[in-house]
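Shown next, in structure tokens, is the structure this report addresses.
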Amino acid sequence: MDGMLQILRVLVSLAVVFGLLWFLARRMRRGTGAAGRRTSTVRVLGKAGVGGKAQVVVVETEGRRMVLGVTEHGVSVLHDADAPPLEAVEPAASPAPLAPVVHLPSFESLISRTQWSGLSQQQAPAKRGRRAAGR
């Protein structure tokens, strides 16, 4: 009888622990609920890699623009300024016209003009490969 009570106690304890883990995982995945949810006020305007694991990131938040240096060890504020008002932003200029298309000669025509093209097969250097070496 004592053995059955111990087994029942262990099973109930495991159920409580797994239930708590499930509840916490679900809560973390969903956030703090509808009342606690906030919309993100940070916009990433651009980023550029400057090294193996380093980036420069431009973000805008609450009317401020910041240039951040991001590495694997931390984030540093490189520059902080007020964001320009929407009216002050000029529309992008029309792109420059494309350069004219240049037709290049084909690979075969380039090969035919090389120094080996006038030689016969016997005069041209032999190709070396694995089969020529007897392997």
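The values are calculated or read from the model by the stated rules, or taken from the named source; none is laboratory data. Quantities reported herein were computed from a predicted structural model and do not represent experimental measurements. Cβ: placed from backbone, ideal geometry, glycine included. Neighbour counts: every protein chain shown.
Which residue, of Gly31, Gly19, is within 29 Å of Arg64 (Cα to Cα), of a type outside the set (A, V, I, L, M, F, W, C) and either surrounded by 10 or more Cβ atoms within 10 Å (Cβ to Cβ) or modelled with pLDDT of 85 or more (or both)?
Gly31
Within the range 61-84, which residues are on the phi < 0 side of the Ramachandran plot and among the acidic types (Asp, Glu)?
The answer is Glu72, Asp80, Asp82.
Could you count how many residues in the range 66-83 are outside any strand (DSSP E or B) and loosely packed, with under 10 Cβ neighbours inside 10 Å?
Looking only at that region, the number is 3.
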